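Written out below as C-alpha cells is the structure these notes cover.
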Amino acid sequence: MAQQPRVPTAADLAAQTPEEFWEGLYRQRADDAAVWASRVNPLLVEVAGESAPGAALDLGCGTGGDTLWLARRGWRVTAVDIAPTAVERVAALGRAEGLCALITAESHNLARTFPSGEFDLVSAQYFHTPYELPRASILRAAAEALRPGGRLLVVDHASIAPWSWNQDHDTRFPTPREIYEELALPATEWVLERAEAPRREATGPDGSTATVTDHVTLIRRASAQPGP
Ligand SMILES: C[S@@+](CC[C@H](N)C(=O)[O-])C[C@H]1O[C@@H](n2cnc3c(N)ncnc32)[C@H](O)[C@@H]1O
C-alpha cells in the first residue's frame, strides 16, 4: 500500500520553490511501485472513453495513471508536470509498455511555460498546488490549444477528504461555472458542456475510503465551420 506523504507545514512550503517542493515529494515516492501509474481518474475514463483517440495533453500528470491509460487506448499524449522525477518516471513506464511512440513527457512549470501543440483533449485532473498559480491563464492557454471540436476537462476537489492536506472546512471551492467564466473565453467558440458536482467513493493513500465531491468543468471548442 502506498505510504501517505507527510502533510506539508507552512514552514516547509516557505522554505522551497514549487519545483523543489513537488520534486521532493515525487522523489520520496520514487521507489514505491504501487504509487506510479496505478490509478486512472474516473472522470477521465468517463469523458475520454466515449471519444476516438487523438492528441491529448495531461496537465500536472503526477504519477501518470491518466497518461498511461490514454496511451494504452491509442491516444498520443503529452504529459506535463513541474517535477522532473514524475515526468521521467511516466516516460519510463511508457517505454516499459512499448508506448514510447505515443507519450511525450515534458517538465514545465506551467506558470512560466506551456507545451506546444494542438490537442483533441486537454485534461487537468486535480491540478492543485499549495503555491500561487495563475490557474485561469494556464487553463485559458489549454482551451486555446484545443483543435476545433476538442475538449478541456477540468476536475477539481470540491470537498475535504480525511486525507486532504487542506483540513479547513470553511474552504470555498469555485463552481464549474465560475471556473469557466474566469477563463473569459468567447462563448461563441468555447462552450460549457458539463458543469457538475458528482459524489464518489474515493480511496486515500492510506487505503481508507470516504465519499468526496468533485467539480467537473467540461469545455468544448466549437467545430470549424465548413467553408462557403
Ligand atoms: C494534486 S496533484 C494531481 C496529479 C494528477 N493529475 C492526479 O490526478 O493524480 C497536482 C500535480 O500538479 C503538478 N504541478 C503543481 N504545480 C505545477 C506547475 N506550476 N506546473 C506544472 N505542474 C504542476 C504537481 O507536481 C502534481 O503532480
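Data overview
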| quantity | calculated |
| --- | --- |
| Cα shape, segment 91-211, gyration tensor, a/c 1.5 rule | oblate |
| Segment 17-76: relative contact order in percent, alpha carbon pairs under 8 Å with at least 6 residues between | 37 |
| Potential extension, Y131-A30 segment - 0.36 nm per residue separation minus Cα distance | 34.1 nm |
| Dipole magnitude of the chain, debye to nearest 20 (Cβ charges: Lys/Arg +1, Asp/Glu -1, about Cα centre) | 480 |
| Relative contact order (%) - the chain, alpha-carbon pairs under 8 angstrom, separation at least six | 17 |
| Distance between segment 171-228 and segment 50-109 - C-alpha centres, whole angstrom | 21 |
| Segment 102-227: relative contact order as a whole-number percent, Cα under 8 Å and 6+ apart | 28 |
| Percentage, to the nearest whole number, of Cα pairs in the chain over 32 Å apart | 15 |
| The chain: calculated mean residue ellipticity at 222 nm from DSSP helix runs of at least 4, using -39500 (n - 2.57) | -7500 deg cm²/dmol |
| Residue exposure sequence - V77, V35, V47 - by fewest surrounding Cβ within 10 Å | V47, V35, V77 |
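Values in this text are rule-based calculations from the coordinates and carry no lab data. Values in this document were obtained by computation on a predicted structure and should not be read as measured data. Here Cβ is always computed from backbone atoms with ideal geometry, including for glycine, and neighbour counts include all displayed protein chains.
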